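Visitor: Quick one: the structure is below, and I'll ask about it shortly.
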Amino acid sequence: MAARAVIFGCGGTALSAAERAFFAEAEPWGFILFARNVESPAQLRRLTAELRASVGRDAPVLVDQEGGRVQRLRPPHWRDWLPVLDEATALPPERRARGLRLRARLIAAELRDAGIDVNCAPVLDLAGPGTHPVILNRCLGGDPAEVAALGRAIAEGLLAGGVLPVVKHMPGQGRATLDSHLALPEVTADREALEADFAPFRALADLPLAMTAHVVYRALDPARPATQSPAVVRLMREAIGFDGLLLTDDLSMKALAGDFGDRARASLAAGCDVVLHCNGDPDEMAAVAAAVPALTGRSAERAAAALALRRAPEGDTAALAAEYAALSSDPARVG
């Protein structure tokens, strides 16, 4: 059976018998991990191997390891990374791109060692005066050109470490003043003003994976969030130029309404390639699995092209860590 157009989370630090049986039948394209799934390096390697074994292939395993609050692997086993905006602003302008590339390469080394090969980063949303705190220090700044350059550096660092990047949250969530985990944000800026938000995504449109924003953009589609809007997804493909694999943000977030099957169907009908369900709830996952088809056609081609970019890490990690420590504003953090 072909993989289905879905990525699932799981409940704990090891798979239950019920989860193994469900994943074997549901055949998700990949998996995503959270803090509840992370205990130690050895445990995490076992879990990522279990996940892949449950579907009988080298499925991608994703995580959000941005740094700061959004960091699933933490001390004492993994480094404690600053929020990326704090790190970027602490580095002198001439060192920012190199410092963030090195940081991403070291994050990739930690993830790959644990069996994780996709990191949901970089965040390309523009920071502004109204940006909600849930997004703000996850941004790379407010200047589109600088955000694009620093986002490129992070993506290249991850790829050099054998980990695929996922740019987010397309087409730009920086203007949102609500937390989409809890409510549906609406952005009222006109189409011309939104061009600044699109610019970093356009500059990185060649990257293999992107994640949507659960945000209504009134100038683009006043009725539906981007994830479920054919008009906004078409803009991502045509005006922004992204032709990689388009993932939804988490279907469990309260920005979306309706039952989980409907959420999945609406997202795929809008043009997303793969839906993401994160919380591991078995009833919700069953509803999503019943609604999603096999990954076929152009979506399957995009998925294969993304996975083909996975490669062995480049460079000597110890030497790169030493260079990062020399650039870092707080060398003691990296040991």
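Bear in mind these aren't lab numbers, they're just calculated from the coordinates by the rules spelled out. Fair warning: this is a prediction, and the values are worked out from it, not measured in the lab. Every residue, glycine among them, receives a Cβ derived from its backbone with ideal geometry; neighbour counts consider all protein chains shown.
Visitor: Output ³J(HN,Hα) for the stretch 29-41: one whole-Hz value per residue in order, computed from phi by the Karplus curve 6.51 cos²θ - 1.76 cosθ + 1.60 with θ = phi - 60°, and x for Gly and Pro.
Guide: Taking θ as phi minus 60°, the curve returns 5, x, 9, 9, 10, 9, 4, 5, 9, 10, 10, 7, x Hz for the stretch 29-41.
Visitor: Rounded to the nearest 0.05, what FRET efficiency is calculated for E25 and A239 with R0 set to 41 Å and r the Cβ-Cβ distance? List each step's numbers first, then the result.
Guide: Numbers: r = 39 Å, r/R0 = 0.95.
E(calc), rounded to 0.05, equals 0.55.
Visitor: With each pseudo-label sitting 7 Å past Cα toward Cβ, what's the A18-N279 distance in nm, one decimal?
Guide: Result for the modelled spin labels: 1.6 nm.
Visitor: Throw me the Rg/Rh for the stretch 138-211, computed over C-alpha atoms with Kirkwood Rh, two decimals. Could the numbers behind the result be given before it?
Guide: On the way: Rg = 13.1 Å, Rh = 13.2 Å.
Result for the stretch 138-211 is an Rg/Rh of 0.99.
Visitor: Report the charge-dipole magnitude of the stretch 203-335 in Debye, nearest 20, computed about the Cα centre from +1 at each Lys and Arg Cβ and -1 at each Asp and Glu Cβ. Don't skip to the end; give the middle numbers.
Guide: Working: 12 positive and 17 negative charges, 75 e Å.
Value, rounded to 20: 360 debye.
Visitor: Name the shape class, rounded, prolate or oblate, that the alpha-carbon gyration tensor gives for the stretch 174-263, where a ≥ b ≥ c are the square roots of its eigenvalues, rounded holds for a/c under 1.5, and otherwise prolate holds if a/b is larger than b/c and oblate otherwise.
Guide: Details: a/c = 1.80, a/b = 1.26, b/c = 1.43.
It comes out oblate by the Cα gyration axes.
Visitor: Under a 5 Å amide H to amide H cut-off, with H placed in plane at 1.01 Å, what residues pair with L276 once short-range neighbours are removed?
Guide: Here I7, T248, L251 satisfy the definition.
Visitor: Right, here's the next one. Does the stretch 123-281 come out rounded, prolate or oblate by the C-alpha gyration tensor, with a ≥ b ≥ c the root eigenvalues, rounded set by a/c under 1.5 and, if not, prolate when a/b is larger than b/c and oblate if not? List each step's numbers first, then the result.
Guide: Working: a/c = 1.43, a/b = 1.19, b/c = 1.20.
In terms of gyration-tensor shape, rounded.
Visitor: Ok, one more. Give the value in nm², to one decimal: projected area of the alpha carbon convex hull of the stretch 1-135, averaged over all directions.
Guide: Working: hull surface 37.6 nm².
For the stretch 1-135, the mean projected area of the Cα convex hull comes to 9.4 nm².
Visitor: Once you have a ≥ b ≥ c as the square roots of the Cα gyration tensor eigenvalues for the stretch 95-144, tell me rounded if a/c is under 1.5, and otherwise prolate or oblate according to whether a/b is larger than b/c.
Guide: Numbers: a/c = 3.48, a/b = 1.78, b/c = 1.95.
Cα axes put the stretch 95-144 in the oblate bin.
Visitor: Would you pull out the residues with amide H under 5 Å of L82's amide H, same chain only if 5 or more places away, H placed 1.01 Å from N?
Guide: Result for L82 returns G68.
Visitor: Hey, another quick one. Gaussian network model of the chain, Cα springs within a sub-10 Å range: biggest mean-square fluctuation belongs to which of D250, D64, D143?
Guide: With Cα springs under 10 Å in the chain, the top fluctuation among D250, D64, D143 is at D143.
Visitor: Okay, next question. Using 7 Å Cα-to-Cβ label points, what is the A318/D80 separation (nm, one decimal)?
Guide: Spacing of the two 7 Å Cα→Cβ label points: 2.6 nm.
Visitor: Here's another thing I want to ask about it. Please report how far the C-alpha centroid of the stretch 126-187 lies from that of the stretch 204-282, rounded to the nearest whole angstrom.
Guide: Rounded to whole Å, the Cα centres lie 16 Å apart.
Visitor: First measure r as the distance between the Cβ atoms of L136 and R310, then evaluate 1/(1 + (r/R0)^6) with R0 = 45 Å and state the FRET efficiency to the nearest 0.05. Walk me through the numbers before you get to the answer.
Guide: Details: r = 31 Å, r/R0 = 0.70.
The formula returns an efficiency of 0.90 here.
Visitor: Just to verify a number: FRET efficiency for A286 and R45, C-beta to C-beta distance, R0 = 41 Å, to 0.05?
Guide: Details: r = 28 Å, r/R0 = 0.68.
Efficiency at R0 = 41 Å is approximately 0.90.
Visitor: Quick one: longest stretch of the chain between exposed loop trypsin sites (Lys or Arg not before Pro), exposed meaning at most 16 other C-beta atoms within 10 Å and loop per DSSP?
Guide: On the way: sites that count: R57, R69, R218, K254, R310, R311.
Counting only loop sites that pass the neighbour cut-off, the longest clear stretch is 70-217.
Visitor: Let me ask something else. Would you pull out the residues with amide H under 5 Å of L164's amide H, same chain only if 5 or more places away, H placed 1.01 Å from N?
Guide: Here V118, N119 satisfy the definition.
Visitor: Show me, bin by bin at 10 Å from 0, the whole-percent P(r) of the stretch 222-335 based on Cα pairs.
Guide: Spelled out bin by bin, the stretch 222-335 gives 12, 32, 23, 18, 15, 0 percent.
Visitor: Ok, one more. To make sure I understand, if each residue's beta carbon is the centre and we count other beta carbons within 10 Å, what order do V134, V63, V233, V38 fall in, fewest to most? Walk me through the numbers on the way to the answer.
Guide: Numbers: V134 16, V63 28, V233 24, V38 20.
Ordered by Cβ neighbours within 10 Å, fewest first: V134, V38, V233, V63.
Visitor: Any idea what the relative contact order of the chain is, in percent, if you count C-alpha pairs under 8 Å spaced at least 6 apart? Write out the running numbers ahead of the final one.
Guide: Details: 705 pairs, mean separation 62.4, N = 335.
Computed over the chain, the figure is 19 percent.
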